[in-house]
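*Asks:* Below are the structure tokens for one structure; questions will follow.
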Amino acid sequence: MGDEERILVRVAHGMEEVSPAEWDACANPQGASYNPFISHAFLSALEESGSATPRTGWAPYHLVIEDEAGAIAGCMPMYLKNHSQGEYVFDYGWADAFERAGGRYYPKLQVSVPFTPATGRRLLAKPGPAEAHIEKQLLAGAMEAARQLDVSSIHFTFLPKEQWEEMGKLGLLQRTDQQFHWLNDGYETFDDFLSALASRKRKNLRKERERARESDIEIEWVTGSDLTEDHWDAFFEFYMDTGARKWGTPYLTREFFSLVSERIPEDILLIMAKRGGRYIAGALNFIGSDTLFGRNWGAIEHHPFLHFECCYYQAIDFAISRGLKRVEAGAQGAHKLARGYLPAHTYSAHHITHPGLRQAVADYLERERAYIDEDIEMLGEHAPFRHDRKNS
């Protein structure tokens, strides 16, 4: 499709209004790095399960670009929101300041994967000569939607750096934050990874793994066709118990886990801990073409270092076994550094309609970016690897 051809930008108020094959041809085209979170299967499971719906404050407002023949050339997951929960890029302070000044911050538009702090493309254009043009049209469509809906802002979160840079060139405000990622330096075994650590760190990790296996705890990897409803019943109990203690009401419904397991089982890894014949803890991960994404953890029994074992060490073990390049261990957590997970930037871009709020946020973000850069540099100096080894 050439730039001169006419296109249609439409809104889909649910993933059921978009062809799965055509969405995925834009989100995860053949030959590109696969990301499960932007797949039609994952996003539709969120909606159909009641997890991301207007009732929960995530009203689907997905943009779809069609060519003259009606084929989808680009798409974008977008939601009309009346709160800032489940995003992991925090703008509560912006909302509070604007509303104290007499403004109306909500509703807003959110371009993201609900409840998922994992980097991935947001402007999903089908590969080809018009790809850059379609990405710009998706961005223009979001701006027009913001104008028609009279919202305060649009937030593009957990962007790949390339899309973040392009949005900055087009005038969007740029924000950074940090996560901790484990990088595979060609390891063939977990012991290979351990050998890259400083002696004291290596001993600490071994002790933690030994402590985690006390009380005759067994660890299982469950993926693909081995996943059963019994596994999800157990995991959901962990998820609800731990989630309720951490942040009140967990976001995902029980039905979500069944739907996503039915649709993309090969993209899911459950790391389950069993004691005395019953499951007592588990960690949910999703598998991309080169990345293992750690998502949710829960437990109904407390055992020292079991969280670290299931969420960090077993994830590394699995990534090595699959030849994956990295493990993204989710939001925040400087304690991950000592476990071999290094600080990495995350990126978001923001369009704010009110000139005064925009200027105030721009000033804040300039200082925040400098702080994030300094923090990542400082944390990197305390990485647990041997000094005679060049870190990846």
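The values are calculated or read from the model by the stated rules, or taken from the named source; none is laboratory data. It should be emphasised that the depicted structure is a prediction, and the values quoted were computed from it without experimental measurement. Cβ sites come from the backbone with ideal geometry, for glycine too, and all protein chains shown count toward neighbours.
*Asks:* Answer with yes or no whether A32 is assigned to a loop (DSSP other than H, G, I, E, B) and crowded, with 20+ Cβ neighbours inside 10 Å.
*Replies:* It is false that A32 is assigned to a loop (DSSP other than H, G, I, E, B) and crowded, with 20+ Cβ neighbours inside 10 Å.
*Asks:* In addition: Need a quick list: strands (runs of 3 or more DSSP E) entirely within region 291-353 having at least 3 residues that are not assigned by TED's automatic domain parsing to the domain that holds I219. Spell out how you get there, then give the answer.
*Replies:* Values: elements: 291-299, 326-331, 342-352.
Because the criterion is at least 3 residues that are not assigned by TED's automatic domain parsing to the domain that holds I219, the strands (runs of 3 or more DSSP E) in region 291-353 that meet it are 326-331, 342-352.
*Asks:* Now, a different point. Please work out which one of (1) in a strand (DSSP E or B); (2) over 18 Å from R358 (Cα atoms); (3) in contact (Cβ under 8 Å) with a residue 40 or more places away in the chain is the condition L109 fails and give its number.
*Replies:* Going through (1) in a strand (DSSP E or B); (2) over 18 Å from R358 (Cα atoms); (3) in contact (Cβ under 8 Å) with a residue 40 or more places away in the chain one by one, L109 breaks only (2).
*Asks:* Further, regarding this structure: Scan region 9-29 for residues that are in a loop (DSSP other than H, G, I, E, B) and either within 17 Å of T116 (Cα to Cα) or free of Cβ contacts under 8 Å to residues at least 60 places away in the same chain (or both) and jot them down.
*Replies:* H13, G14, V18, S19, N28 - these are the residues of region 9-29 that are in a loop (DSSP other than H, G, I, E, B) and either within 17 Å of T116 (Cα to Cα) or free of Cβ contacts under 8 Å to residues at least 60 places away in the same chain (or both).
*Asks:* W221: within 25 Å of H302 (Cα to Cα), at pLDDT below 95 and surrounded by fewer than 16 Cβ atoms within 10 Å (Cβ to Cβ), yes or no?
*Replies:* In short, no.
*Asks:* Would you pick out the residues in region 224-235 that are small (G, A, S) and either modelled with pLDDT under 95 or closer than 17 Å to W297 by Cβ (or both)?
*Replies:* The answer is A234, and nothing else.
*Asks:* Out of the residues in region 354-376 that are in contact (Cβ under 8 Å) with a residue 40 or more places away in the chain and of a type in the set (K, R), which is nearest to K161 (Cα to Cα)?
*Replies:* Ranking the candidates gives R369 first.
*Asks:* Then there's this: With region 128-234 as the region, which strands (runs of 3 or more DSSP E) entirely inside it contain at least 3 residues that are within 28 Å of R6 (Cα to Cα) and not assigned by TED's automatic domain parsing to the domain that holds G282?
*Replies:* The qualifying strands (runs of 3 or more DSSP E) are 153-159.
*Asks:* When you check R6 against the structure, is it basic (K, R), in a loop (DSSP other than H, G, I, E, B) and exposed (fewer than 13 other Cβ atoms within 10 Å of the Cβ), yes or no?
*Replies:* So R6 fits the description; yes.
*Asks:* Among the residues of region 330-342, write down those that are in contact with a Phe, Trp or Tyr (Cβ under 6 Å, 6 or more places away or on another chain) and within 24 Å of E165 (Cα to Cα).
*Replies:* Correct list: A331 only.
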